[in-house]
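Working notes, beginning with the structure itself.
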Amino acid sequence: MTEADLAHFGPWTEEEFLALDRTTNRIELVDGGLWVSPGPGMHHQGISYQLHAALRPAARAAGLLTFEGINVRLEPGTIYVPDLTVIDARTELDAYVEASDTVLIAEILSPSSRKMDRVTKRHAYAAAKIAWYLLVEPDLSTYAGVSLWLFRLDGDEYVEASAAKRGETLHSDEPFPIALRTNDLLAR
């Protein structure tokens, strides 16, 4: 991977953003500005992989596709890169997917993303009318446990649909059958 050239004057267009070289950092476009955060660490990546593997079979059976770290366009000039995205299988795959084709977004908290994932992104996903939001919260000091919260869009905000603390299983029939054992998401 190379380091993206972030030297730029003025607001970024979607085309300029999409033309950036791949980088180890996570770069997102927000209202013409860039949000740059550290790339996910090994524990984060392990949880993401396990989450993807756990959700993929049931999502596919429901006619949905799961992806890690893809571009999701919430509105013109705003493209986020969620940890996991579930989309309708009929969606045209391109440089990004539209929020309207997105069924569920999952974000895994990390030391650099706590406020973003709990507040900023949650509100942005709700404003973009993404029906389901899964928040994965590992114990950031030891990564020995994970808690899960599944939120359903109700009007303009998310309400809790299901939750599972460390050692429990998160169950939901929507947006597709979900049974996530928190212990199975640990990288070790």
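Residues of segment 60-71 that are under 20 Å from ASP94 (Cα atoms), among the aliphatic types (A, V, I, L, M) and touching a residue at least 40 places away in the same chain (Cβ under 8 Å): LEU64 alone. Can you find a residue that is of a type in the set (S, T, N, Q), under 23 Å from THR120 (Cα atoms) and surrounded by fewer than 15 Cβ atoms within 10 Å (Cβ to Cβ) anywhere in segment 58-73? For segment 58-73, residues of a type in the set (S, T, N, Q), under 23 Å from THR120 (Cα atoms) and surrounded by fewer than 15 Cβ atoms within 10 Å (Cβ to Cβ): absent. Every listed requirement among (1) surrounded by 17 or more Cβ atoms within 10 Å (Cβ to Cβ); (2) part of a strand (DSSP E or B); (3) not small (Gly, Ala, Ser) is met by VAL36 save one, (1).
Just wondering, is there one or more residues in segment 151-163 that are part of a loop (DSSP other than H, G, I, E, B) and in contact with a strand residue (DSSP E or B) (Cβ under 8 Å, 6 or more places away or on another chain)? Spell out the reasoning first.
Narrowing segment 151-163 to residues part of a loop (DSSP other than H, G, I, E, B): 155-156.
Filter once more, keeping what is in contact with a strand residue (DSSP E or B) (Cβ under 8 Å, 6 or more places away or on another chain): none.
Checked segment 151-163: no residue is part of a loop (DSSP other than H, G, I, E, B) and in contact with a strand residue (DSSP E or B) (Cβ under 8 Å, 6 or more places away or on another chain).
Summed over segment 80-136, the residues that are assigned to a strand (DSSP E or B) and surrounded by 19 or more Cβ atoms within 10 Å (Cβ to Cβ) give a count of 18.
Pull up segment 34-84, narrow it to residues that are farther than 18 Å from ARG22 by Cβ and polar (S, T, N, Q), then point me to the one that is nearest to the chain's Cα centre (by Cα). Among those residues, the one meeting the criterion is THR66.
Rule-based calculations on the coordinates, nothing more; no lab input. Only a predicted model underlies this, so the values are computations on that prediction, with no experimental measurement involved. Don't worry about glycine lacking a Cβ; one is built from the backbone with ideal geometry, like all the others, and counts go over all protein chains shown.
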